[in-house]
Amino acid sequence: MAEELDVWTHPGLRAAVAAGDWPTVLKRWRALTRSSQSRLGALVGLAQPDVSAIENRRRAVASIEVRRRIITGLRVPAELLTGAGEELPLPSLVLPGTVTDPEADRLTKVRGGMRLDAASLDAVERLLAEHRRAEDTLGSRVMNGVVTAQFAEVAKLHGQARGPLADRLVKVLAEYAQFLAWLAQDQDNAPAALGWFDRSYDWALESGYGDMAATTMSMKAHLAWSQGNGRRCTRLGEAAAATPGASDATRAMALQMAGRGHALDGDADSAHRRLDQAQWIITATTDTPPWLYFYGESWFAAQRGMAELHLGRWTSAVDNLRTGLDGFAAPYRRDRAWYGACLAHAHAGAREAEQALACALGVLTDAGEIGRPHAWGELHTVAAVLLRQGAREGRELVDALAALD
């Protein structure tokens, strides 16, 4: 049967390429296209027994030439190949200074044959934590290849892990998949994000990691919100908050997502009820998981401001967004760009054109450098609102945006 035209939109297939998991790539491609091993082999220049050996992990895709033949023969989209390539330096070294040398050195030794132990997984967790923080400043486009490559290296350690160490490694892989899902989502690549979310959720369940399972579901709610689906956002947020093992901070994040879903649908009473519940939890929580290192009252205020923006409560939106932004540290460039653009939108909605333009211009550079497509798109929305109002500031913002487009 002919290959489906949209086969590369399948999230599982995209995720397998991003992870460099070639056995899964071959299996899933054949399942989606209903192809035999012989037909796939003809496309990529391999005999049927060789295809079978790769799919059953009896043969590794270690040759650069074989990898290239698979990529060419199956027409793997170029955007999926960032970081899923040849033997790279340890991924932390792609951005010198982003992580500390001792962590990279330890993982290099493990890759070279040193036994995997708890100290090595400690190093992995520290690397991931530092890359999360680097993304706040450098943005998802810069970090995606680094983190994808690092994930591929960590995934190779699974064969060395036994007993409790194996469970812990699966938890770490769940965290990597969650972060990769966020990077894809931030670049508006929903199919890849959903694929990584599913993988993270599966690994979280496998390792008994309820907090990560809840986080993954909450982030799916965020994806639904970004696509304008308030009902799905609310349902996923509620389900995440009810997940056994979720920490208080994760529950608060999930409940505010449910509130934003209600706000998106114009249900102010339900939105405020959920937001009030989330605020009560977040002000008292002390058990924040490592991937929610940024989350606190400032971020909650900014997110409440976004809900008020949906409801057209401009003054409340301005107050909450300004409160949130005042608490953001300078390194959070991506978030300052996004919430700054939202604040400009709130001012525009309140017909405060001068303040809207000032806010927009204040985050213009960061929105252009690391805030695409979301913050950048929000600034275009602000310009459109001002133009509809007949404000001269709308034209000034359009010209400023055009200069960086």
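The values are calculated or read from the model by the stated rules, or taken from the named source; none is laboratory data. What you see is a predicted model, and the numbers here were worked out from it, not measured in a lab. Every residue, glycine as well, gets a Cβ built from its backbone with ideal geometry; the counts of neighbours run over all protein chains shown. For the accessible areas, the whole protein counts, side chains as well, though only heavy atoms, and no ligand, DNA or RNA atoms are used. Shrake-Rupley method; radii C 1.70, N 1.55, O 1.52, S 1.80 Å.
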The one condition in (1) assigned to a helix (DSSP H, G or I); (2) more than 19 Å from ARG168 (Cβ to Cβ); (3) at pLDDT 70 or above; (4) open to solvent by 80 Å² or more (accessible area, probe 1.4 Å) that VAL66 fails to fulfil: (4)
Residue count, region 95-124 (criterion: modelled with pLDDT under 80 and surrounded by 18 or more Cβ atoms within 10 Å (Cβ to Cβ)): 8
Criterion violated by GLY83 - all others in (1) modelled with pLDDT of 85 or more; (2) under 23 Å from PRO191 (Cβ atoms); (3) crowded, with 18+ Cβ neighbours inside 10 Å; (4) not hydrophobic (A, V, I, L, M, F, W, C) satisfied: (1)
Looking only at region 384-393, and only at residues there that are in contact with a helix residue (DSSP H, G or I) (Cβ under 6 Å, 6 or more places away or on another chain) and farther than 28 Å from LEU223 by Cβ, the one that is surrounded by the fewest Cβ atoms within 10 Å (Cβ to Cβ): LEU387
Matching residues, region 373-383, being touching a helix residue (DSSP H, G or I) at 6+ places or on another chain (Cβ under 8 Å) and open to solvent by 40 Å² or more (accessible area, probe 1.4 Å): HIS374, HIS380, THR381
Region 314-332, residues that are farther than 19 Å from ALA384 by Cα and either open to solvent by 50 Å² or more (accessible area, probe 1.4 Å) or of a type in the set (Val, Ile, Thr) (or both): THR315, ASP319, ARG322, THR323, ASP326, ALA330, PRO331
Set THR216, THR243, THR250, THR148: member being under 13 Å from the mean Cα position of the chain (by Cα) and under 20 Å from ARG274 (Cβ atoms): THR216
Filter result (open to solvent by 10 Å² or more (accessible area, probe 1.4 Å), under 26 Å from TRP338 (Cβ atoms) and not in a helix (DSSP H, G or I)) within region 125-178: none
Residue match in region 187-207 (condition: touching a residue at least 40 places away in the same chain (Cβ under 8 Å), farther than 18 Å from LEU80 by Cα and either β-branched (Val, Ile, Thr) or not in a helix (DSSP H, G or I) (or both)): yes
Options GLU352, GLU369, GLU396: the member that is within 24 Å of the chain's Cα centre (by Cα) and open to solvent by 40 Å² or more (accessible area, probe 1.4 Å): GLU369
Pairs with Cβ under 6 Å, 6+ apart, first in region 147-159 and of a type in the set (Phe, Trp, Tyr), second open to solvent by less than 40 Å² (accessible area, probe 1.4 Å) and part of a helix (DSSP H, G or I): PHE151/TYR176
Residue match in region 210-223 (condition: small (Gly, Ala, Ser) and open to solvent by 30 Å² or more (accessible area, probe 1.4 Å)): no
Count of residues meeting criterion [under 25 Å from GLY377 (Cα atoms) and of a type in the set (Asp, Glu)] in region 142-193: 2
Residue check, ILE71 over 20 Å from ALA184 (Cβ atoms) and either in contact with a Lys or Arg (Cβ under 7 Å, 6 or more places away or on another chain) or modelled with pLDDT of 85 or more (or both): no
Residue in region 37-48 that is open to solvent by 70 Å² or more (accessible area, probe 1.4 Å), within 21 Å of ALA177 (Cβ to Cβ) and either among the hydroxyl-bearing types (Ser, Thr, Tyr) or in a helix (DSSP H, G or I) (or both) present: no
Residues of region 240-275 satisfying the condition of being open to solvent by less than 40 Å² (accessible area, probe 1.4 Å) and more than 21 Å from ARG313 (Cβ to Cβ): ALA240, ALA241, THR243, ALA246, SER247, ALA249, THR250, ALA252, MET253, ALA254
Out of ALA344, ALA302, ALA278, sole residue that is open to solvent by less than 10 Å² (accessible area, probe 1.4 Å) and in contact (Cβ under 8 Å) with a residue 40 or more places away in the chain: ALA302
Of residues in region 1-30 being at pLDDT below 75 and among the charged types (D, E, K, R), the one least open to solvent (accessible area, probe 1.4 Å): GLU3
Some residue of region 312-329 being out of contact with any Phe, Trp or Tyr (no Cβ under 8 Å at 6 or more places or on another chain) and closer than 16 Å to SER226 by Cα: no
Selected residue [under 25 Å from ALA19 (Cβ atoms) and of a type in the set (Asp, Glu)] from ASP287, ASP211, ASP267, ASP276: ASP211
